[in-house]
Each structure stands twice: as C-alpha cells, then as structure tokens.
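Structure first, then comments.
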Amino acid sequence: MSISFKKTWPPACKWFLAAAVFTATLSVACRSNGALAADMAMPMKSPAAPVYQWTGCYAGLNGGGGGISSDFHSTVDPGAYLGAADAAEVTNDGTGSANNSNWIGGGQIGCNWQNGTVVVGLEGDFDSFHGDANFNNNTNTLPVLGVPFNIGQQITTNFLATVRPRIGIAADRNFAYVTGGVAFTKASYTETYIDGSAPPGVGSATASKSLTGWTVGAGWEYALTDHWLIRFEYLYASFPTTSATGVIAEPGVGGNTLHGSGDLVMQEARAGLNFKY
C-alpha cells in the first residue's frame, strides 16, 4: 500500500509569495531605469559669446560730403582815385558771406583703449576736400564818380586734416563717441575790384596761408567682425581769418589801399571702414 501527499499552500502564503515576486521585479526595473537615466548625457548650455573689446589700433578709408563757409570783409582807404564817399561805398558793399559744398574722401588711423564700458582713443585723418566759397557783389554804383563797380572775394581749400582724442561708451559691438582736437588746412584768398570808368579802376589783394584751427564732432562705430569696423561721423572745424592787402588804381590818377579778409569754417559728414589689428 502506498501513501501520497498533495502539497497545498494556504491562501495567505499565496498572496505573500505574489507580493514578494512583484516587489523584486519592481526593484530590478527601478535599478535598471536609474542606471539608464544616469547614463544619458544631459544637454549642455552653450557658453555666452564674449563681450567685444575695442582696445587696439586700426586704419581705414572714409568718404562723404563736406561744406565750407566764409564771412568776408573789405576796407578801402580814401586816396587819390576814390574819395571818402566812394571808398565807403566799396567798403560797405564788399562785406558778405558765401558757402560751397563738395564730395570728400580720405583715410584715418588711430588706436583705442577700453576700460569697462569707457573707450578713449587718439586718431589722425586726412581728407581731400576741394571747397570754393565765392562772394560777388556787382549791383552797385559809386556815388561820386557815378559809375558801376564790382567787388568779389573768394576763399578756396583742397584738404582737411585733424588730430583728435576720442572718448565714448561701448556696448558690446557698438561704440558712440565725441571727439575734438586740432585741425589743419591751407587757404587761398583773393579779392578783386573793377569799375566802369574809362579806363577802368581795378584792384586786387591775394594771400595763401597754412591754417591751424580747432575741430569738434561725434560719431558711432560698429564692429561687423572682430577686425572690420564701420562708422558714421560728423566734424566741424573753424580756422582763423586770412587777410590780404592790395591797391585800387586807375592809370595816371593814383590809387587807394584795399584790405580784404575771410574766415573759414569746414564741415564734414562721412562714413568710414576700418581694419582693426
């Protein structure tokens, strides 16, 4: 005779065993997911671009438009040809102003030093600038001699050069500045007189002079790249008076001393392109 035993589990044990299997499975899954998450590389944020630095030296070209203006003055001394009343009339009508504009072009070179947002620099430039301010008064009559006369004055120049400190504020690749310094040019001055006498009375006074004056201005500059810079700039320059002395005369009669003068103001509005070393 044989005896067999059938193994049975109480209900409580079955639930306990199921809970244990579920817990073990969940633990393995969590550990696997944690390892996988740790192995995944987190995305890195790109570093911010460095703020542009304006320190350095540069050279470049510029071009734009410019204008000159002049206030002219005349004085005629009484003499053998023109009496006091006629001389006074010529003096009065020989005073006036004139202006002229033209294209300009040239180049500049300089250096900047930056400390925080403040930038200081020194620049020298030279522009070809042909200006011709011409005053002409031809609608007058000598009150005593009773003849018409013409008096004209002209001042010309061919260049403007400056040496200027600059100071301004930088905001990354933008730089706004003011500037001022010494300006240089050469002026040619001419005064002429002719009247309707027979033979006519004629006269002239001329002078040519190298001038040193002052200049002020402002501008804005932008760094297209680390080396290429563009700019827009305005300059105002003022120079001393250029004076000349001559004679108004009629052949065989005599003459009067003629004094003439003209000051000079030059203005430029220009764009530039620089290469920063």
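Give a quick list of chymotrypsin sites (Phe, Trp or Tyr not before Pro) in region 70-167 that DSSP marks as loop, anything other than H, G, I, E or B, with at most 13 other Cβ atoms within 10 Å.
none
Taking the Cα-to-Cβ direction at residue 126 and at residue 198 and moving 7 Å from each Cα, how far apart do the two end points lie in nm?
Placing both labels 7 Å beyond Cα along the Cβ direction yields 5.5 nm.
Starting from the Cα of residue 186, step 7 Å toward the Cβ, then list every residue of region 202-245 with an amide N under 12 Å from that point.
Within reach of a label on residue 186, which here means backbone N under 12 Å from a point 7 Å along Cα→Cβ, region 202-245 contributes 208-211.
What's the center-to-center distance, using Cα atoms, between region 137-165 and region 80-109 in Å?
Spelled out, the Cα-based centre of one part sits 3 Å from the other.
For the pair residue 232 and residue 71, what calculated FRET efficiency results from E = 1/(1 + (r/R0)^6), where r is the Cβ-Cβ distance and R0 = 25 Å, to the nearest 0.05?
0.30
Rounded, prolate or oblate, given the Cα gyration tensor of region 43-159, with a/c below 1.5 counting as rounded?
Values: a/c = 4.86, a/b = 4.24, b/c = 1.15.
Taking the square roots of the gyration eigenvalues as a ≥ b ≥ c, region 43-159 is prolate.
On full extension of the chain, what length is gained from residue 208 through residue 169, given 0.36 nm per residue of separation minus the C-alpha to C-alpha distance?
On the way: separation 39, 0.36 × 39 = 14.04 nm, distance 4.10 nm.
Extending this stretch completely gives an extra 9.9 nm.
Using only the Cα atoms of region 56-276, what are the Rg and Dmax in Å?
23.0, 76
Starting from the Cα of residue 144, move 7 Å in the Cα-to-Cβ direction to define the label point; list residues of region 232-250 whose amide nitrogen is under 17 Å from there.
248-250
Any read-out appearing in this document is the output of simple, stated calculations on the displayed coordinates, not a laboratory observation. Quantities reported herein were computed from a predicted structural model and do not represent experimental measurements. Glycine gets a Cβ as well: all are built from the backbone with ideal geometry, and neighbour counts include every protein chain shown.
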